[in-house]
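Asks: My questions will all concern the structure given below.
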Amino acid sequence: MTKRIFRSICTVAIVVLLASLILIVGVLYNYFSEAQMNQLKAQTTLTAKGVSQSGISFFDGLDTGKYRITWIDKDGTVKYDSKVEKGGMENHLEREEIKEAIETGYGESYRYSTTLLERQLYSAISLSDGTIIRMSTYQNTWWALLLDMLHPILIVIIIGVCLSLLLAMQLSKKIVQPLNELDLDHPENVQAYKEIQPLLDKIHSGKNKYNVTEQIRKEFTANVSHELKTPLQNISGSAEILCSGIVKDEDIPKFSKQIYNESKRMISLVEDIIGLSHLDEGASDMVREAIDLYSIANDTVESLKPIADNAGITLNINGETAMMTGIPELINAIVFNLCDNAIKYNKTGGRVFVKVHNDADRTVLTVKDNGIGIPEEQQDRIFERFYRVDKSRSKEVGGTGLGLSIVKHAAILHNAKISLESKLGEGTSITVEFPKK
Ligand code: ADP
């Protein structure tokens with residue numbers, strides 16, 4: 001980056017330097033050209049006055065220096081020329097400055113010499129007798145001026161380039177230094193350039209998101225350890241008592257059953273944790289395919305019927321074929337967890353209704369029960385990991401606290417919307433809407 005800034009500053013400085021030089025030479029050249037032409041005009045006026053008064057004798061012994069004076073007769077023939085023998089000169093009436101002088105009293109023009117390094121300035125005045133005095137002088141052209149000034153120009157360029165390099169070096173370092181000193185661990189405290197504030201904000205919010213994710217992960221790990229520890233302690237306790245040999249024969253089934261139940265709880269917990277971690281990683285290995293939501297729901301309902309019967313709950317399904325694109329394992333997990341909860345958090349003689357139907361743009365699953373219901377203030381929280389309304393009841397019915405988190409994640413992966421209606425003591429209805437597109 002330092003190199004790029006350095007190169008940019010150098011290029012700009014050198015371009016500006018060269019452009020200024022060209023501009024200055026051009027302006028100076030124009031200025032001097034004008035001044036020289038004015039001077040020539042003044043000289044011509046003076047000479048014209050002298051010739052008007054003294055005639056040809058005005059030129060006697062006159063040193064014209066770098067000026068050339070020509071006196072031209074009305075018919076264009078040369079009466080006098082300070083530099084050339086008048087005999088060898090052609091008619092002058094066609095010259096631009098002469099034509100202009102005949103027309104307006106004064107004329108001027110310039111012509112380039114063959115080398116292009118010089119040009120000749122002409123100025124002509126017509127006298128009262130109709131004759132014309134013309135004076136001319138040489139002037140360096142633009143190129144000649146540039147060549148003449150080459151030496152000082154080169155010195156200016158060399159000094160300019162050296163200064164540009166030096167300044168560019170210091171400037172680029174100065175620009176980059178605050179960036180190198182940025183404390184990206186605390187981007188919120190950095191006050192560098194306001195132009196990079198959006199970048200710092202992005203780093204800051206990215207960091208925050210990362211921190212939140214880390215926090216959730218830490219909490220989850222702590223919760224998992226805690227949840228696993230309790231059944232393990234129970235298993236270990238029961239096993240220890242069995243090992244000690246003090247248990248009466250008739251009590252052995254009680255302790256064995258406790259070990260069996262707690263192990264089963266651990267197995268479902270571990271299964272749910274594995275499933276949820278898999279969802280957290282995006283479940284990219286699971287394949288989406290065309291499925292019939294009704295058929296999946298029906299299979300799940302059939303598999304849960306014995307459990308519902310055992311609990312004295314009636315489980316019903318109605319609906320229609322509902323084709324959609326989805327991941328069968330996850331759709332199954334959604335239906336299973338919702339029905340399982342509707343059975344678990346119900347009352348004896350309770351009912352569970354499962355309904356699948358098609359909307360114009362949605363495929364809708366509803367699981368409704370007339371069970372214990374969820375207090376309003378906790379309805380937002382039951383989709384959180386390990387959140388239970390009544391912990392002991394959840395444990396009693398073999399809950400892990402992860403079922404609805406799995407439902408929520410699986411729904412997110414299908415862009416589905418979940419809505420919940422529940423009234424304490426009256427029942428709960430959870431609807432999942434899968435968009436058709
Ligand atoms: P769990 O394994 O404890 O059932 P879930 O994540 O499936 O965990 O549910 C979280 C909590 O939400 C449950 O512990 C229960 O308190 C409450 N809950 C879920 N479904 C229902 C329902 N149909 N009726 C009443 N309460 C429910």
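Asks: Whole-Hz ³J(HN,Hα) for each residue in region 213-225, computed from phi via Karplus 6.51 cos²θ - 1.76 cosθ + 1.60 with θ = phi - 60°, x for glycine and proline: what do you get?
Replies: 4, 4, 4, 4, 4, 4, 4, 4, 4, 4, 5, 4, 4
Asks: Quick check on the chain: of the DSSP beta bridges with both residues there, what percent are antiparallel, nearest 5%? Working shown, then result.
Replies: On the way: 50 of 56 bridges.
Rounded to the nearest five, the antiparallel share is 90 percent.
Asks: Where Rh is the Kirkwood radius over the Cα pairs of region 274-391, the temperature 4 °C and the viscosity 1.567 mPa s, what D in µm²/s does Stokes-Einstein return?
Replies: On the way: Rh = 15.5 Å.
It diffuses with D of about 83 µm²/s by this estimate.
Asks: A follow-up question, please. Using a Cα distance threshold of under 15 Å, what count of lysine pairs results for region 39-101 when pairs must be 8 or more residues apart or interchain? Spell out each step's value before the answer.
Replies: Values: Lys41/Lys49; Lys41/Lys66; Lys66/Lys83; Lys74/Lys99.
Close lysine pairs found across region 39-101: 4.
Asks: Rounded to the nearest 20 debye, what is the charge dipole size of region 295-357 about its Cα centre when +1 sits on each Lys and Arg Cβ and -1 on each Asp and Glu Cβ?
Replies: Values: 5 positive and 6 negative charges, 64 e Å.
Magnitude of the dipole: close to 300 debye.
Asks: If you count only protein heavy atoms and use a 1.4 Å probe, how large is the accessible surface of Leu232, to the nearest 10 Å²?
Replies: 90 Å²
Asks: When all alpha-carbon pairs of region 1-149 are counted, what percent fall beyond 27 Å?
Replies: On the way: 4098 of 11026 pairs.
Taking all Cα-Cα pairs of region 1-149, the fraction more than 27 Å apart is 37 percent.
Asks: Right, something else. For the chain, what is the relative contact order in percent, using Cα pairs closer than 8 Å and at least 6 residues apart in sequence? Could you put the intermediate results ahead of the total?
Replies: Working: 585 pairs, mean separation 43.1, N = 437.
Relative contact order of the chain: 10 percent.
Asks: A further question on this structure: Of the heavy-atom accessible surface of the chain (probe 1.4 angstrom), what whole percent is carbon and sulfur?
Replies: Values: 14940 of 26390 Å².
Its accessible area is 57 percent carbon and sulfur atoms.
Asks: Using the Cα centre as the reference, give the magnitude of the dipole from point charges on the C-beta atoms of region 1-122 (Lys, Arg: +1; Asp, Glu: -1; all else neutral), rounded to the nearest 20 debye. Provide the component values of the computation, followed by the final result.
Replies: Working: 15 positive and 15 negative charges, 187 e Å.
Here the size comes out at about 900 debye.
Asks: At 1.4 Å probe size, what's the solvent-accessible area of Leu179? Round to the nearest 10 Å².
Replies: For Leu179, solvent-accessible area is about 40 Å².
Asks: Here is a follow-up. Using alpha carbons only, how many angstrom separate the centre of region 377-437 from the centre of region 282-330?
Replies: 16 Å
Asks: Same structure again: Report the extension gain between Tyr31 and Ile274 in nm, rounded to one decimal, defined as 0.36 nm multiplied by the number of residues separating them, less their alpha carbon distance.
Replies: 78.6 nm
Asks: Whole number in Å², please: accessible area per residue of region 324-437, 1.4 Å probe, ligands, DNA and RNA not counted.
Replies: Details: 5350 Å² over 114 residues.
Accessible surface, normalised per residue, equals 47 Å².
Asks: At 222 nm, what value in deg cm²/dmol follows for the chain if DSSP H runs of at least 4 each add -39500 (n - 2.57) and the sum is divided by all its residues, to the nearest 500? Display every interim value, and only then the final one.
Replies: Working: 10 runs with 229 residues, N = 437.
After summing the helix terms and dividing by the residues of the chain, the value is -18500 deg cm²/dmol.
Asks: Let me ask another. Which percent of Cα pairs goes in each bin when the distances of the chain are cut into 20 angstrom slices starting at zero?
Replies: Pair shares across the bins are 17, 24, 13, 11, 12, 14, 8, 1, 0.
Asks: OK, next. Which GluC sites (Glu not before Pro) in region 272-381 sit in a loop by DSSP (not H, G, I, E or B) and have at most 13 other Cβ atoms within 10 Å of their own Cβ? Intermediate values should be presented prior to the final figure.
Replies: On the way: sites: Glu281, Glu289, Glu302, Glu320, Glu329, Glu376, Glu377; in loops: Glu281, Glu320.
Sites meeting the loop and neighbour criteria: Glu281, Glu320.
Asks: Then there is this: Taking the full set of protein chains and a 1.4 angstrom probe, give the accessible area of Tyr80 in square angstrom, rounded to the nearest 10.
Replies: Result for Tyr80: roughly 50 Å² accessible.
Asks: Each residue of region 427-434 in turn: what ³J(HN,Hα) in whole Hz from Karplus with 6.51, -1.76, 1.60 and θ = phi - 60°, glycine and Pro shown as x?
Replies: The phi angles translate into x, 9, 9, 10, 10, 10, 10, 9 Hz.
Asks: Averaged per residue, what accessible surface does region 1-76 expose to a 1.4 Å probe, in Å²? Don't skip to the answer; put the middle values down first.
Replies: Values: 4920 Å² over 76 residues.
Accessible area per residue, region 1-76: 65 Å².
Asks: To continue, here is another question. Taking a cut-off of 19 Å, what percent of all Cα-Cα pairs in region 8-95 are separated by more than that? Walk me through the numbers on the way to the answer.
Replies: Working: 2280 of 3828 pairs.
Within region 8-95, distances greater than 19 Å cover 60 percent of Cα pairs.
Asks: Ignoring ligands, DNA and RNA, how do Ser126, Ser8 rank by accessible area with a 1.4 Å probe, largest first? Intermediate results must be reported in sequence, preceding the final value.
Replies: Working: Ser126 40, Ser8 65 Å².
The ordering from most to least exposed comes out as Ser8, Ser126.
Asks: Rounded to the nearest 20 debye, what is the charge dipole size of the chain about its Cα centre when +1 sits on each Lys and Arg Cβ and -1 on each Asp and Glu Cβ? Don't skip to the end; give the middle numbers.
Replies: Values: 49 positive and 56 negative charges, 109 e Å.
Value, rounded to 20: 520 debye.
Asks: Then there's this: Once Lys and Arg get +1 and Asp and Glu get -1 on their Cβ, which of Ala333, Ala311, Gln258 lies farthest toward the positive end of the dipole of the chain?
Replies: Gln258
Asks: Which ³J(HN,Hα) values, rounded to whole Hz and listed in residue order, are derived for region 192-205 from phi using the Karplus coefficients 6.51, -1.76 and 1.60 in 6.51 cos²θ - 1.76 cosθ + 1.60 with θ = phi - 60°, glycine and proline given as x?
Replies: Rounded to whole hertz, the list is 9, 8, 5, 5, 9, 4, x, 5, 4, 4, 4, 4, 4, 6.
Asks: Ordering Thr70, Thr213 from largest to smallest accessible area (1.4 angstrom probe), what's the sequence?
Replies: Details: Thr70 0, Thr213 65 Å².
These residues rank, largest area first, as Thr213, Thr70.
Asks: Say the dipole of the chain comes from +1 at the beta carbon of Lys and Arg and -1 at that of Asp and Glu; which of Leu165, Gly282, Met89 then lies farthest toward its positive end?
Replies: Leu165
Asks: When the chain is fully extended, how far beyond the present Cα-Cα distance does Asn189 get from Leu420, taking 0.36 nm per residue of separation? Mind showing how you got there, number by number?
Replies: Details: separation 231, 0.36 × 231 = 83.16 nm, distance 4.27 nm.
Full extension of this stretch gives 78.9 nm more.
Asks: Then there is this: Per residue, how much accessible area does region 112-233 have with a 1.4 Å probe, in Å²?
Replies: On the way: 8290 Å² over 122 residues.
For region 112-233, the solvent-accessible area averages 68 Å² per residue.
Asks: Amide H of Tyr80: which non-local residues (sequence gap of 5 or more, or other chain) have their own amide H closer than 5 Å, using H built in the peptide plane?
Replies: Trp71
Asks: Give, as ranges by residue number, the residues of region 1-23 whose backbone N falls under 19 Å from the point 7 Å along Cα→Cβ of Cys162.
Replies: From region 1-23, the list is 10-11, 13-15, 17-18.
The values are calculated or read from the model by the stated rules, or taken from the named source; none is laboratory data. Keep in mind that what you see is a predicted model, and the values were worked out from it rather than measured. A quick note on method: Cβ atoms are made from the backbone with ideal geometry, for glycine too, and the neighbour counts reach across all protein chains shown. Please note that ligands, DNA and RNA were not included when accessible areas were found on the heavy atoms of the full protein model with its side chains. Shrake-Rupley method; radii C 1.70, N 1.55, O 1.52, S 1.80 Å.
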